[in-house]
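Student: Here it is: the structure, laid out below.
Please treat every number below as a calculation from the coordinates, not as lab data. A quick note: this is a predicted structure, and the numbers were derived from the prediction, not measured. A quick note on method: Cβ atoms are made from the backbone with ideal geometry, for glycine too, and the neighbour counts reach across all protein chains shown.
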Amino acid sequence: MKQLLVNADDFGLSRGITDGIVESHRRGIVTSTSIVASGAAFAYAIAKTQSNPNLGVGVHLTLVEELPVAPPADIPTLLSSDGRFPKSYSALLPGLLLGRISSGDVEREFRAQIEKCLNAGLRPTHLDSHQHVHALPSLFRLVIDLAREYGIAGIRLPRDSPRRRGNFPCDGFAQKYMLCLLSRYDAFAYRGEAFRTCDGAAGIFDSGTLSEGRLLAILDRLPDGTTELVCHPGTGDAESVTAYGHWRYAWQTELNALTSTAVRSRLQAGQVRLINYAGLNR
């Protein structure tokens, strides 16, 4: 049996991204999303969950680019001079590897993000992270412990392969490839831990560029078992472009792909069952 968990990242980051995710759920194949606790549209996204009860919602743990949720005085090693997280994964990584970023600060910030979601009435189905930083082994151990403590069953393992893309390299190829390799190590090192995850992932190498053609190609090569498709739909509104245009994401292109009738037909023809983290049996 083939099962596909379609998770849209960045819920609550902006209104346009949030609206695109909701539309991709209502009219398309998105079954799950991950909310950014520090997102500018967090409250707006929380309100949207009330009218979309079948949309699974996890926490998109964030250590890059955004403002913190914890009081800045409690997490000084995580913040740049402007009071924000490091601007990119490549700026965050040296601080983690060289010990300039305190593990205690990371734990306090992750707790603050999870608890903000809980206090807003969410019951998160899973944990994942912005730019997949939780795949770093030192952070993955922390995420497992927090998931257990807060009763969150699912954790993303971004075990994608560039072979599924076909025409690489893509933007950030080396970073994404390394994180996919690290996630395979995490799966092996923590195989005895009790958390739910998919057998593999897709879409990691297509972030912001998941067209209908690319999505159909992924579905044609979908393996047996459970696969998490990571996607980034949105409406490409002025707010999102102003704040995150440097990502060069084609949010509307992804929205169109995820609501495509051809994609829905391909899923039906392949007898692919759509699920969210609550539907995982392990």
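Student: Would you mind pulling out the separation of the Cα centroids of region 247-282 and region 130-147, in Å?
Tutor: Region 247-282 and region 130-147 have Cα centres separated by 26 Å.
Student: Of the candidates Leu255, Leu63, Leu97, which one comes out as most mobile in a Gaussian network treatment of the chain with C-alpha springs shorter than 10 Å?
Tutor: Of Leu255, Leu63, Leu97, the most mobile in the Gaussian network model is Leu97.
Student: List Ile29, Ile21, Ile144, Ile35 from most exposed to least, where exposure is judged by having the fewest other Cβ atoms within 10 Å. Can you show the working numbers first?
Tutor: Details: Ile29 21, Ile21 36, Ile144 18, Ile35 28.
In order of increasing Cβ crowding within 10 Å: Ile144, Ile29, Ile35, Ile21.
Student: I'm a student and want to see the number: the projected area of the Cα convex hull of region 55-94, averaged over all directions, in nm².
Tutor: Over all viewing directions, region 55-94 projects a mean Cα-hull area of 3.6 nm².
Student: Under 15 Å from a point 7 Å along the Cα-to-Cβ line of Gln271: which residues of region 195-225 have their amide N that close?
Tutor: 223-225
Student: Let me ask something else about it. Is the shape of the chain rounded, prolate or oblate, going by the alpha carbon gyration tensor and its root eigenvalues a ≥ b ≥ c, with a/c under 1.5 for rounded and a/b larger than b/c for prolate? Please list the in-between numbers first.
Tutor: Details: a/c = 1.43, a/b = 1.31, b/c = 1.09.
Rounded, since a/c falls under 1.5.
Student: Can I ask one more? Would you mind working out the magnitude of the charge dipole of the chain relative to its Cα centre, with +1 at each Lys and Arg C-beta and -1 at each Asp and Glu C-beta, to the nearest 20 Debye?
Tutor: The calculation lands at about 760 debye.
Student: Can you give me the Cα centroid spacing of region 214-238 and region 43-77 in angstrom?
Tutor: Each part's Cα centre sits 23 Å from the other's.
Student: Related question: Relative contact order of region 2-279: what whole-number percent is it, with Cα pairs under 8 angstrom and at least 6 residues apart?
Tutor: So the answer I get is 27 percent.
Student: Counting pairs of Cα atoms in region 66-211, how many percent are more than 27 Å apart?
Tutor: Looking at region 66-211, the distances longer than 27 Å represent 25 percent of pairs.
Student: Put +1 on the Cβ of each Lys and Arg and -1 on the Cβ of each Asp and Glu in the chain; which of Gly12, Tyr249, Tyr185 then has its Cα farthest toward the positive end of the dipole?
Tutor: Highest projection toward the positive end goes to Tyr185.
Student: Once the Cα gyration tensor of region 137-262 is found, what semi-axes does its equivalent ellipsoid get, as square roots of 5 times the eigenvalues, in whole Å, sorted largest first?
Tutor: Ellipsoid semi-axes (Å, largest first): 27, 18, 15.
Student: Highest mean first, how do 74-80, 52-58, 13-19 rank when packing is the count of other Cβ atoms within 10 Å averaged over residues?
Tutor: Listed from highest to lowest mean packing, they are 13-19, 52-58, 74-80.
Student: Let's test the formula: R0 of 25 Å, r as the Cβ-Cβ distance of Ala91 and Tyr185. What FRET efficiency results, to the nearest 0.05?
Tutor: The formula returns an efficiency of 0.60 here.
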